[in-house]
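A.B. asks: One structure is given below, represented as C-alpha cells, and several questions about it will come after.
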Amino acid sequence: MREAIDLGLIPADMQKDYAKNITRAEFCRLTVVLLENIYETTIEDILSQRGVTPDKAVFTDTHDPDILAANALGIVFGDGKGIFNPHGEIKRGEAAAMLMRTASLTGEYHALPHVFDDASWFPAWARESAYAAYAYGIMVGDNMNRFHPVSFYTRQETYVTILRLYNTIKNGAREQESLYPMSAKNEEGIYLWGYINQNGTFVIEPKYTYASEWNGQYGIVSLPDEPDAYIVIDRDENLIIEVDDLRELIPEKVTEKTPPCFFGNTLYVGEYYKFLFSLPDGEWLTGDYKGGGARSFNDGIIRAFDGFSKRWYYLDRNGKTITSDEEWFWFGGDFYKGVAIVSKVAQSGETKYLLWSTDCEKKTIIIDSEKYIPQHGMAVGDLMVVSGPRSMDESYNFLPAQYGVIRADGIIILPADYEALSLTLGKQILARKNAAEPYSLFDETGKKIFEFNPDFDGELLFDSIGYYMFRSGDKMMTVISNTGTGMCNIEINQDASFRFISGLIQITESNGTCRYYTVAGNSIFHVE
C-alpha cells in the first residue's frame, strides 16, 4: 500500500479507512488517477487523444467528472435507465470487470478459463474479466482457489490491485503459466504425453504414457516402461509421491490399478477410487473411507462416504474436514453456493432433513412423506430428488418409480412424473418422462431450457463453470450453456473420447492425437 501511495496512485483524502468497502464513485476516481499516471497527462488529454467526449447528461444521479470520464472510456456503466448509483459498494466480480476494462485501454489482456472452486457464484458477464485478472496476477483470490466474486471489495484490496495493474501495464504484461496435458508423436511414431502452457509450448516434455489434468500444483503421470505405475510430479518434474507406495498401505488387495485423480489437492487412490490421500499433509485422511470413498467434488468441497458406518462427511480441497469430528450425516448431498441437503436421525428415531451451510447454519426441511420419498445421495444445493409412492398394476406388480425434484423450502420444482431424472453439479435437472420421449434439461426453477435429440444417451458432462457437453451424433459433439444456448458443434470420430480440462474441451483420438477447443468451438494449442 505504501508503494501505491508513493507512486501517487491513491489520492490523499482516500489514504484512510482501509477496511471500508470501496464505492463506485471512489473506484472511478482511482481508475482516472491510474490512467493519468500511466500516460503522464491529464484525463482531459487522454479523452481528447481518443476522440471521446463525456456525456454530461448520461446519469441523473451524478455529474462527477471522474465518473463521466470512466463511463466515456467504457470502464463503468449505469443501469441503462440513467442511474449510476455512485455510493453503491462494489463486489469483487464487478471490480475485476472494471479493472480489466481499464487495462484494455492500454493493450490486449486475454486469458483462458480458470476453474475456481466457487465458479457457481460468478455472473456470466464477470467470468472473462476474472480469468484475465487472475492470469495476470491482478486479482488472484485466496489460497483455496476461491475468487469470492460476490464479496464486497475494500479500499485496501482496491489499492493493492490498482498497484498490481499499474505494474502490469508499466512493466509489460506477463501471464501466470497454466498447464494442460497434451500428446505429441515421438520418433517411433508413438504418441506420448506431457504438459503445454497457454501458448502451446511444452513445459513438461511428452515422455509419459499418461498425463492427468493439472491441478494447479501437481500432475499425475506414468512412464512407458511402467504404464500402471502412476506418480505425482510438480512443475519441475520432481517426484512428489509414487502411487504404488500408497497402494502398499491399503489393507486390501488391489487387482486393477486405475489412474488416481485429483479432488482439489486431495488424491483419490485405489481400485474403484476408495482411498483419499491429502497431498498437502502427506497422509491418509481421517476416517475410514475405503468402504465408500469420495463421491464428488463440487463447490470446492469433497463429499465423502464411509461405506462401513454408512455415514457422510465433508472435506475441503486439502482433505480437512469442514465439520467437527462428531458431526456426520446419514445422507449428504453435494454443496452448491455454500449449502447442501443433509439428514440426521433424531433421538426419536425420526429422520430429519436439514439445509446445511458451510458456516454450520442448519434449517429444517419439511417433506410430505406421504407424497414424496427422498432419494439418498441425489441432492445438489437446495434441490433434492424424490420419488412418488410406488403403485402397482392389475397383477400387483410394481410399476417403475417416478421421480421429481423439490426445493428445501418445500416448493415442487418438478412433479414426480419422470422415469429417468438426475441433478447436474450445476444444480440443473436432466430428465425424461419415459423411453419414448427425449431428455430435457431444466433450470433450477423447473423451466425447460433445452431438449436433446432422441438419440441422446443421458451422458452429460459439466465443466464446473456453466457449460455442458454431450455426444449429439456418431460423429458430432455439442456444447451448450447452462441457459440452454447452443455454443458449438464439433466433429469427432466415433472412437474419440472427450472431456473438459480446465474449462476447455479436450478431444483424444484412439491413436493418441489430442486436440483442444474453447467452449465456443475455437481450436487452440496447435502442436506439431
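A.B. asks: If you check E89 against the conditions, is it at pLDDT 95 or above and surrounded by fewer than 18 Cβ atoms within 10 Å (Cβ to Cβ)?
C.D. replies: yes
A.B. asks: Additional query: Scan segment 77-96 and tell me whether some residue there is touching a Leu at 6+ places or on another chain (Cβ under 6 Å) and under 21 Å from T161 (Cβ atoms). First the steps, then the outcome.
C.D. replies: Taking segment 77-96 as the starting set, the residues that turn out to be touching a Leu at 6+ places or on another chain (Cβ under 6 Å) are none.
Looking through segment 77-96, none of the residues is touching a Leu at 6+ places or on another chain (Cβ under 6 Å) and under 21 Å from T161 (Cβ atoms).
A.B. asks: Across segment 306-333, what is the total count of residues that are modelled with pLDDT of 80 or more and not in a loop (DSSP other than H, G, I, E, B)? It would help to see each step written out before you state the result.
C.D. replies: Of the residues in segment 306-333, the ones modelled with pLDDT of 80 or more are 311-322, 329-333.
Going one step further and asking which of them are not in a loop (DSSP other than H, G, I, E, B), we end up with 311-316, 321, 329, 331-332.
The qualifying residues number 10.
A.B. asks: OK, next. Specify which of the listed residues (A25, A4, A19, A12) is surrounded by fewer than 16 Cβ atoms within 10 Å (Cβ to Cβ) and under 36 Å from the mean Cα position of the chain (by Cα). Spell out the reasoning first.
C.D. replies: Details: A25 fails: surrounded by fewer than 16 Cβ atoms within 10 Å (Cβ to Cβ); A4 fails: surrounded by fewer than 16 Cβ atoms within 10 Å (Cβ to Cβ); A12 fails: under 36 Å from the mean Cα position of the chain (by Cα).
Just one listed residue meets the conditions, A19.
A.B. asks: Also, I was wondering about something else. Looking for whichever is at pLDDT 95 or above and at negative phi here; the options are L399, L383. Which one fits?
C.D. replies: Details: L399 fails: at pLDDT 95 or above.
Just a single option satisfies the conditions, and that option is L383.
A.B. asks: What is the number of the single condition among (1) part of a helix (DSSP H, G or I); (2) in contact (Cβ under 8 Å) with a residue 24 or more places away in the chain that I83 does not meet?
C.D. replies: That leaves (1) as the condition not met.
A.B. asks: Quick test for you: out of K475, K447, pick the one residue that is free of Cβ contacts under 8 Å to residues at least 12 places away in the same chain and loosely packed, with under 13 Cβ neighbours inside 10 Å. It would help to see each step written out before you state the result.
C.D. replies: Working: K475 fails: free of Cβ contacts under 8 Å to residues at least 12 places away in the same chain.
Within the list K475, K447, the selection yields K447.
A.B. asks: I would also like to ask the following. Buried (at least 18 other Cβ atoms within 10 Å of the Cβ), part of a loop (DSSP other than H, G, I, E, B) and either on the phi < 0 side of the Ramachandran plot or within 23 Å of the chain's Cα centre (by Cα) (or both): does that describe L425?
C.D. replies: It is true that L425 is buried (at least 18 other Cβ atoms within 10 Å of the Cβ), part of a loop (DSSP other than H, G, I, E, B) and either on the phi < 0 side of the Ramachandran plot or within 23 Å of the chain's Cα centre (by Cα) (or both).
A.B. asks: Give the residues of segment 168-188 that are of a type outside the set (A, V, I, L, M) and crowded, with 16+ Cβ neighbours inside 10 Å, sorted by residue number.
C.D. replies: Let us first name the residues in segment 168-188 that are of a type outside the set (A, V, I, L, M), namely 168, 170-172, 174-178, 180-181, 183, 185-188.
Scanning segment 168-188 gives T168, E175, S178, Y180, P181, S183.
A.B. asks: Scan segment 387-416 residue by residue and report those that are closer than 16 Å to R432 by Cα and either within 30 Å of the chain's Cα centre (by Cα) or touching a residue at least 40 places away in the same chain (Cβ under 8 Å) (or both).
C.D. replies: Taking segment 387-416 and keeping what is closer than 16 Å to R432 by Cα, we get 387-388, 400-405, 413-416.
Those that are closer than 16 Å to R432 by Cα and either within 30 Å of the chain's Cα centre (by Cα) or touching a residue at least 40 places away in the same chain (Cβ under 8 Å) (or both): S387, Y403, G404, V405, I413, L414, P415, A416.
A.B. asks: Restricting the search to segment 374-398, which residues are crowded, with 17+ Cβ neighbours inside 10 Å and either out of contact with any Phe, Trp or Tyr (no Cβ under 9 Å at 6 or more places or on another chain) or more than 19 Å from Y418 (Cα to Cα) (or both)?
C.D. replies: Of everything in segment 374-398, those that are crowded, with 17+ Cβ neighbours inside 10 Å and either out of contact with any Phe, Trp or Tyr (no Cβ under 9 Å at 6 or more places or on another chain) or more than 19 Å from Y418 (Cα to Cα) (or both) turn out to be G381, D382.
A.B. asks: A further question on this structure: Given the conditions (1) closer than 26 Å to G93 by Cβ; (2) out of contact with any Lys or Arg (no Cβ under 9 Å at 6 or more places or on another chain); (3) in a loop (DSSP other than H, G, I, E, B), and given that T60 satisfies all but one, which numbered condition is not satisfied?
C.D. replies: Every condition holds for T60 apart from (2).
A.B. asks: Looking for whichever is under 21 Å from R499 (Cα atoms) and at pLDDT below 95 here; the options are S212, S178. Which one fits?
C.D. replies: Details: S212 fails: at pLDDT below 95.
It is S178.
A.B. asks: Which of the residues that make up segment 433-469 are more than 22 Å from G381 (Cβ to Cβ) and in a strand (DSSP E or B)?
C.D. replies: E451
A.B. asks: Next question. Residues of segment 118-166 being surrounded by 21 or more Cβ atoms within 10 Å (Cβ to Cβ) and of a type in the set (S, T, N, Q), which ones?
C.D. replies: Matches in segment 118-166: S120, S129, T158, T161.
A.B. asks: Of the residues D55, D117, which single one is in contact (Cβ under 8 Å) with a residue 60 or more places away in the chain, assigned to a loop (DSSP other than H, G, I, E, B) and charged (D, E, K, R)? Reasoning before the result, please.
C.D. replies: On the way: D55 fails: in contact (Cβ under 8 Å) with a residue 60 or more places away in the chain.
On inspection, the qualifying residue turns out to be D117.
A.B. asks: Here's a follow-up. Can you name every residue in segment 488-517 that is in contact (Cβ under 8 Å) with a residue 40 or more places away in the chain and either on the phi < 0 side of the Ramachandran plot or not in a loop (DSSP other than H, G, I, E, B) (or both)? Outline the logic, then answer.
C.D. replies: Looking only at segment 488-517, we keep the residues that are in contact (Cβ under 8 Å) with a residue 40 or more places away in the chain, and these are 501-504, 506, 508, 511-514, 516.
I501, L504, Q506, T508, N511, T513, C514, Y516, listed by residue number.
The values are calculated or read from the model by the stated rules, or taken from the named source; none is laboratory data. All figures in this text were calculated on a predicted structure; none of them were measured in a lab. All Cβ positions, glycine included, derive from the backbone under ideal geometry; neighbour counts span all protein chains shown.
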